[in-house]
Every structure is written in C-alpha cells, then in structure tokens.
1. With at negative phi and away from chain A (no Cβ under 14 Å) as the only criterion, which of B:3, B:74 stands out?
2. I'd like to verify a number: residues in region A:72-94 that are more than 7 Å from every other protein chain (Cβ to nearest Cβ), touching a strand residue (DSSP E or B) at 6+ places or on another chain (Cβ under 8 Å) and either within 14 Å of ligand 2 (Cβ to nearest atom) or of a type in the set (Ser, Thr, Tyr) (or both), how many?
3. Only one residue in B:97, B:27, B:19, B:50 is charged (D, E, K, R) and crowded, with 21+ Cβ neighbours inside 10 Å, so which one is that?
4. If you take the residues in region A:370-413 that are within 19 Å of the chain's Cα centre (by Cα) and more than 14 Å from chain B (Cβ to nearest Cβ), which one is farthest from residue A:331 (Cα to Cα)?
5. Restricting to region A:95-112, and then to whatever is away from ligand 2 (no atom under 13 Å from the Cβ) and in a strand (DSSP E or B), can you tell me which residue is farthest from the other protein chains (Cβ to nearest Cβ)?
6. Please tell me if residue A:268 is small (Gly, Ala, Ser) and crowded, with 21+ Cβ neighbours inside 10 Å.
7. Can you name the residue in region B:152-181 that is assigned to a loop (DSSP other than H, G, I, E, B) and charged (D, E, K, R) and, of all such residues, is farthest from residue B:139 (Cα to Cα)?
8. Filter region A:165-185 down to residues that are of a type in the set (Val, Ile, Thr) and either within 16 Å of ligand 2 (Cβ to nearest atom) or not assigned by TED's automatic domain parsing to the domain that holds residue A:85 (or both), then give me how many there are.
Amino acid sequence: MDLLRFITAGSVDDGKSTLIGRLLYDSKSIMIDQLEAIEKQSKNKEEGEIDLALLTDGLRAEREQGITIDVAYKYFSTPNRKFIIADAPGHIQYTRNMVTGASNADLAIILIDARNGVVEQTRRHSIIASLLGIPHIVVAVNKMDMVDYSQDVYNNILIDYAHVAQSLGLKNVTYIPISALNGDNIVEKTDKTLWYEGPSLLQFLEEVRLEDDVDLKHARFPVQYVIRPQTEDLHDYRGYAGKIISGVYKKGDQVTVFPSGVSSTIKAIELGGKEVEEAFAPQSVVLHLADNVDVSRGDVIALSNDVPKTEQELEVLLCWMDNKPLVPGNKYLLQINSRQVRAAVREISYKLDVNTLLQEANPQQAVLNDVIRATIKTASPVAFDAYSELRVNGGAILIDETSHVTVGACMIQ
Amino acid sequence: MPRLDYLDQLESEAIHIFREVAGQFERPALLFSGGKDSITLVHLALKAFRPGKFPFPLVHIDTGHNFPEALQFRDALAAEIGEKLIVRNVEDTIKARNLTEPKGKFASRNALQTYTLLDTIEEFKFDACIGGARRDEEKARAKERIFSVRDEFGQWDPKRQRPELWNIFNGRIHKGENVRVFPISNWTELDIWNYIRREKIALPSIYFAHDRKVIEHEGQLVAVSDFIQLEDKDVVHTKQVRYRTVGDMTCTAAVESSADSLDDIIREITATKTSERGETRIDDKVSEAAMEDRKKNGYF
Ligand SMILES: Nc1nc2c(ncn2[C@@H]2O[C@H](COP(=O)(O)OP(=O)(O)OP(=O)(O)O)[C@@H](O)[C@H]2O)c(=O)[nH]1
Ligand SMILES: [Mg+2]
C-alpha cells in the first residue's frame, strides 16, 4: 500500500480544520468516542451541529480561541492508500508551524474562502508551497454554500489564482469547489455543482500519481552513525549507518565520500541486518566500503559518476522563522541532513513582497515570516544539490547558537 | 524500482530517527514499558544498530502497578538481546519525597511516575529519552514534534515548539534540558499491529485472549488485582479478554475478545469503532485536556 502525505493551507478560518474533520468523518475514520467528545464540546455552537474542526484543534488554547496554532497530524486510509494529514494554522503568527507541516508534504490543499477569494495568506502559503517544491497543489474553493454554489464566483477565483500560480511557477495545480461544512465534493460529488466535472477531493487524493516523487537517479547517502561493535568476532566490522535519501546503491558500485572526495567501492549493503545486493531510497541501511577510508557522521556517500556540489558559499532562498531579525553578518549553525557546520549570513540580495510577489532589493534585515534570497558562507565545505533538482539534499536549517532554536529554512539554489 | 510499501517507509523513518539520536546525544535512553509500542521500538532499535550494541540503556519507570506478565516479558527481552535495563520504582520516589498516594477505587500512580521519570533523568543525566508515543493516540500528542524539547522540569510548551523541517532534526539543547524523541510518531495502532505480524515480534501474553477476573466500571472491564479496591456492589466475573494497551493495572481496561492470534486481533482492530485510548484508558476521561496538562508537567 502507498503513502501520501498532505497538508491543508490557506488563510485563517478558510476551513482547513473543518475540511479535515469532514474528510475523516465522511470516510468513517472517526471513532465513536472521539465523536462523542467533540459533540459534547460543540454544545455551545448555535446551530447545535458538531464542530468538526475540534477533531484536530487538540490544544486548549486552540479550542478556546477557535483557531489552529500548531500543526496536527491525522491519519486515515482507504483501501488503496494511507494518508498522513498535516492540518496547518492559517494565522500569520504561526506561519513557521505551517512550514513545518509543509516541508514533508507530497501535496498541499490550499483553501480559499469563496466569499473572500485570494488573500494575502493564500499568497504567503502558496509562496511557501512553491519554495518547498511541494509536487502537487490542490486549490479547494471552500464555503461554496455561502455563494449559492455559483460557478461565476468559482471561475473568478480560478482566474485570480492562476496569476499567482504562474508568477510562482507552480505546476500541477488542480481546482475543486467544495463545502467543508456540508461535505460537498469532499468524499462524494455533490449535485449542487453540476457544472464541475472533475473528481471529488478524496477521489483525487486517492488517484494522484506519486511514482515520480522519489528520486532514484541521484544516489545520496548521508552517514548518520558509524557502527563498530569492536568485539572479538566482529573486530573489523565498520558499517556506515544512514538512510538512502535518493537513488540506488549496488554492491560493487564505485562511490565517493563528501566533502573529502575520497573514493572507494561498496563491499556490502545490509538492510535490517541482512545482506542485500542493492538498496534504494528511502531505505535505511548500513553500507560497507572496500577501503579503510575516513568516513564520519555528516559525510555524504554518493555514486562517483554523479556527485553533489561541494562548496563553502551557498546561495539560498530563506524563510525566516524567528522573532529576532536576521541581519547580514549574523552567525548560525547550518544543518543539512546529518551535517552541522558554522555559518554566517553574508548578504541579503532581495526580499519577496507577499502581495505583489515582486522582489525588493537589498533589504537591511529579514523579520519573522520574510522570504529572502541570501548568501551564506560556511566554515567548512558542504555537499549539497540544488533544492529544485533534489529536494532531499538541498534543504537546510539555520540554528541559533545561543537559543538553539531552529530559526531559518534554506532552499539551496 | 518499486515505491516502498508504507510499512517500509514508516520503518525506515523510525530507524533514521533512532540513528539521529545516536549521532546527536551524549546520554540517550529508551523508555521501555513492556507494552507493544515500546517492544516495537526495541525491534526497530535492533534494526538500527545491530550488530553493534544499543547506544542507550532501556529504562523502565515501574509504578508497582504493572501486569506481572509485562514485567516478566521486560526482563526476558532485555536478557535475550543483551542490553542494559535500568528500573526505577515510583514506590521509592513516594517514600523518598514523601509524596501523597492518590486514594480511591482505581488509585492510579500515573501522575506520580512523572516524578520518578524526572529524578531518573537527573540521576543519569539523560539528554534524550526515546518513547513510543504515537500521534494517533490522542489530540495533544497529534501536535507534538518528533524531537520535543523539554525544559529542566520536563515541561512541554506547546505554544513554543521549534520548527521541524524535512527530516532534519535539531537536537541542540541547553544543559539541564532534555529532548523526548518519538520515532513512531507517524504510526497508527493498526500500523503497529501489522508490523508486529509482519516482523513476527513476540508480545506479552496479555495481548491475546485469556480468562481473567474482572469487574465492570462505567462500561469498561477492569482486572481484579491488589491495586484496586472492590466495593460491595462490584460483581466479579470471569471473562475472556485481551488488552489493547498495557499500562497500569489500575487504569487500563480490558477488551472482551476471543482473538488469540495476530490475524484475529488485526481483524478486530480494523473493525472497531472505538479508539485505543477510549476503549482502554480509565483515567483519560477526567478532563478534555488531561493529556496536554500532563505533558506540560513533564509526562511523556
Ligand atoms: N458555511 C461554511 N462554513 C464553513 C465551511 N468550512 C468551514 N466553515 C466555518 O468556518 C469557520 C472556520 O473554520 P476552521 O476549519 O476552524 O478554519 P481554519 O482554516 O482551520 O482556521 P485556522 O486553522 O485558524 O487558520 C468555522 O466556523 C467553520 O464552521 C463551509 O464550507 N461552509
Ligand atoms: Mg484550523
């Protein structure tokens, strides 16, 4: 069975949590006791209906304020597919939590309130979806019940959003008119939008093609840990433990270790304690090399015929996630997969204006939720690929050395 | 090349998390309860680190109210895999710290075990504690990061969680803080059972149908034991039951069932209309935010 990870995004109150509640409810994935619990809490709602958003708004503060603050993960499956849903907050203050949920998503559902159309947060979340390279985008025009299921309203929103998609270079955009509240076009298609010919949301989620989302061309293996039992019978055992993040490795393959550039061949591959001839992404394995070369945590073992870049100066698109501003000259730790190096932000070449999607050149600093382009200098060489070519080896985080908090998300260019 | 099956994807993700702990922390520990989730963690750790030793001990916070079958299983498993097991008793903490034991029919030490946990973390200077919590269990858990930073008092601050991007885990902390790590965050109850079946993982016998003396309490079946106080109105029945989760005898309810194989259990879990927690936990119904509050106080 296959696994699809998706996120719901969009502005505050556009109906993200309600949509997920509806999806779980209509696909019969909610247990009786959970339903009873939210029924009880929904009592103070005027209509006397259940508030499906309560299924994911799991924190007290969220229930009190009726908003989502942090990502909630929910799980359900249909006969063909398993789904991991991340319900993101729409509020601008919690954008970094949305980024957290979006970073692992194969698909993003961007909700738009049919009454309001495309608003600033729609654009901000679309920018993040495009920066993160989420492979599939669904634009769900929600609350169609509030606009009499009007095709004109829907079409106008499509036209507006198509501009956003075009300027951000978003591909694979699918549009669906829905009412999360009433369940229209969520699991079943509704007869209220006969003018809409596409699939229901769930049907789309079940059928969207995922085969191409794992890169099997560029072989990358970041070393996480070196296994050396040093017992009598395993005296010479030295295994490099890690996850193949992309590509395929075979016994006998010629490999190069980065950043050192030393070469060797693969002597053996272990998967779950058993030797195998080959292994592929995203399997966690242990690699053994034929030569006694120096390999440690944070190094990348790649096939020698197709190698990552190794540089000390990185051009990045950066999403700033800290309350303290980012000022050129600031120093951080940069972590890419299992490698941490010290780094300094050299200069900010531009900042993206969320409303116009235009670039503002040479800003003085970046503040919370800004998206900028910057140059980062690292203390030692880093092996990476361009994020746009290989997501799994092109993303890095910045860590504040004093607070230890993750403050930036970098997409290396 | 095929796309990896979902169980293989989850397994690989968990192994990756284990190895990040090994690579990033000085003194990690694996919190082991003897339940199916922590047994699954041990199995995943074997896959992550064999033929090497675990880079952490197994740690059990023993409330003194455990099922004897789970304790036997714990000791046998630790001996079989040859890894270090540390046990710390809530009983000792109660004496040493003069804590007040909760009273009542199902007096549970669930809340008190946080004291023992925090003392144990301090005693061994653990900087990371790996646990088997899953996000599908409970709505506050559904919100927690895989690397969840806790302050000196073990407290979780849900409003100040660090961003956690891609599969990059930031385990940097200040002295005195620790990280709770949840490798099976993204597994559901059914995933765990399917994995146990696929990998032929052994479980304590109480997970399978057996006869047991129970009383009924608000629709739930509670085992008769030294740890609960029977009232005159209680009627003791012998019923065929199994456990869906294994916690304390005081706060875990049994499920009436004749499922004595993994196939049967999986069939029942697939068809069930009640959540794991809803069916088996006696303590969680107290308040809407019970779990959130416990986590804020240092609980797992
Ligand atoms: N009429 C109507 N109301 C809806 C629909 N979907 C959601 N709502 C209502 O819109 C309000 C906000 O819904 P939520 O699901 O909490 O919105 P959200 O997008 O999750 O909000 P944040 O997470 O705080 O950003 C609630 O009162 C919902 O009942 C819909 O399709 N039609
Ligand atoms: Mg919400």
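The values are calculated or read from the model by the stated rules, or taken from the named source; none is laboratory data. Please read these numbers as outputs of a predicted model, since none were measured by experiment. In this analysis, Cβ positions are derived from the backbone assuming ideal geometry, glycine residues included, and neighbour counts consider all displayed protein chains.
1. On the way: B:3 fails: away from chain A (no Cβ under 14 Å).
It is B:74.
2. Final tally of qualifying residues: 6.
3. Checking each option against the conditions leaves just B:19.
4. A:389
5. So the first thing to find is which residues in region A:95-112 are away from ligand 2 (no atom under 13 Å from the Cβ), and the list is A:95-96, A:99-100, A:102-108, A:110, A:112.
Still in the running and in a strand (DSSP E or B): A:107-108, A:110, A:112.
On the way: A:107: 15, A:108: 15, A:110: 19, A:112: 25 Å.
So the residue we want is A:112.
6. No.
7. Keep residues of region B:152-181 that are assigned to a loop (DSSP other than H, G, I, E, B), which gives B:152-157, B:161-177.
Adding the requirement that they be charged (D, E, K, R) leaves B:152, B:157, B:162, B:164, B:172, B:175, B:177.
Values: B:152: 25, B:157: 15, B:162: 19, B:164: 19, B:172: 27, B:175: 30, B:177: 25 Å.
Among residues in region B:152-181 that are assigned to a loop (DSSP other than H, G, I, E, B) and charged (D, E, K, R), the one farthest from residue B:139 (Cα to Cα) is B:175.
8. Result for region A:165-185: 1.
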